[in-house]
1. Going by amide H atoms built from the backbone, whose H comes under 5 Å of the H on residue 134, apart from near neighbours?
2. Just tell me which aspartates and glutamates come within less than 18 Å, Cα to Cα, of residue 422; anything on the same chain fewer than 8 places away is out.
3. If each residue of separation counts as 0.36 nm, what is the full-extension length gain between residue 169 and residue 327 once their alpha-carbon separation is subtracted?
4. Which is the longest part of the chain that has none of the trypsin sites (Lys or Arg not before Pro) sitting in a DSSP loop with at most 15 other Cβ atoms within 10 Å?
5. Given charges of +1 on the Cβ of Lys and Arg and -1 on the Cβ of Asp and Glu, with all other atoms neutral, how large is the dipole of the chain about its Cα centre, in debye to the nearest 20?
6. Only Lys, Arg, Asp and Glu count, each charged at its Cβ (+1, +1, -1, -1), so figure out the dipole size of the stretch 11-105 about its Cα centre, rounded to 20 debye.
7. How about the stretch 75-149: which chymotrypsin sites (Phe, Trp or Tyr not before Pro) there are in a DSSP loop, with at most 15 other Cβ atoms within 10 Å of their Cβ?
8. I'd like to verify something in the chain: which complete DSSP H helices, judged by Cα projection on the helix axis, reach 18 Å or more and average at least 1.6 on the Kyte-Doolittle scale?
Amino acid sequence: MTIYVVRQGDTLSQIARRYGTDTDSLIYANQLQNPDTLSVGQALVIPVEQVTYTVRQGNTINAIARAYGVEAAALLSANPALGTGNRIYPGQTLQIPFPNEQSGPAVVNGYITGASESVLRATLPYLTFLSPFSFRADGYGELAADNSVDTALSADYRTANLLTVANLMESGGFSSSAAHAILTDQDVQDNFLENLLSLLDGGEWYGVNLDFEYVWPFDRGSYNQFLRRLAETLHGRGYILVTALAPKLSDTQSGLLYSAHDYAAQGEIADYCILMTYEWGYTYGPAMAVSPLDKVRQVLDYAVSVMPAGKILMGVPNYGYNWTLPFVQGSAARPVTNIGAVTLAGQVGADIRFDQSAQSPCFRYTDGSGRQHEVWFEDARSLQAKFRLVREYGLAGVSIWNLNSLFRTIFYVLESMYSVEKALPAPQMS
């Protein structure tokens, strides 16, 4: 697999010929809604392993390598008949390689709130864990289902289901008071655990993914104590515990979202810790990348200093936002899918820019009412940059939020870099 960035004047058929493939393959891989309209700066996944190139007058090894985005050394290695002279001549054929960056297995968790069977079947082969979001936990320790995901499909793909529990209110938003009651009231906590175990023992769950957010700072110690009890209870029954953590930069970081999340303690207690490394660009904030790479690095730098890297699942977003400019406090950005963002760029004739610091794509346009917009999203380049951090930091893998909208690019890039670790054993041959 390789990634091609569209240039001025490119057409899909030209790109297909260049890489020895067909337009249907590119349309499918990139889910192109309007194949006749490509945007300058748009990143396309090219699902090929190598290309046969016929040398033209004036070509050099270095020029050919640059044109296809490969190293000259890799080009020479793929064509040993060239020897050490590096001499090429018109009419000669060369093999241009696009080797995968495979570097071992990775754990992949995917959150989902609702999806069709076709989306699930396209997604489950690439997941270790499926985390339907979610069961709501209230201040009495009761649990209510709040999803419509067919978890029965997971077993077909050796994907394990995690029962995801959050301190959510029925009306939406996280409840600090519900978390407080579960963490500090013995009767409520006992009821919570009884209800949780009753659900788990239904047989379709591999463990628990606990997402308690906006926990009051003074409940930090109680949260750690509760997690120890929860882990001991789950492990005693053969289940795992996964926790979700806000993206912190230090242990003393203040704020309702951060204070009660103890990285060191949760890294010790849980089997995996999901770092929610997204939402720097968010609904009610100014326009910026949802998951800028420089910010993600800062979180990982702190995280690996206090918890085992091999327990960390780095959060990866599968969405973007469309902001109306200028930003006004209290105004809301509109969420967009990654496919929707690229389609919009084509419709409005916008060039896509790739921000080197954030390692994320974005574009601006003016709508029919004369209002300016700024859109940030994810593409093959931004995902590749994020996935490389797994190898660099020695992480267990990634956790994707969320997979309601199919974005094949995620899986093409992921599969080119890692083999997905499966939690469930392969079926026994009869």
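1. 146, 147
2. By straight Cα distance, residue 422 reaches 156, 204, 271.
3. Roughly 54.0 nm would be gained on extension.
4. That would be 88-236.
5. Result for the chain is approximately 1780 debye, rounded to the nearest 20.
6. That gives the stretch 11-105 a dipole magnitude of about 400 debye.
7. Those that pass, being in a loop and sparsely packed, are 140.
8. None pass (Cα extent of 18 Å or more, hydropathy at least 1.6).
The values are calculated or read from the model by the stated rules, or taken from the named source; none is laboratory data. Bear in mind the structure is a predicted one, so any value in this text is a computation, not a measurement. Here Cβ is always computed from backbone atoms with ideal geometry, including for glycine, and neighbour counts include all displayed protein chains. Ligands, DNA and RNA are stripped out before the accessible areas are found, and what is left, the full protein with its side chains, is counted by its heavy atoms. Shrake-Rupley method; radii C 1.70, N 1.55, O 1.52, S 1.80 Å.
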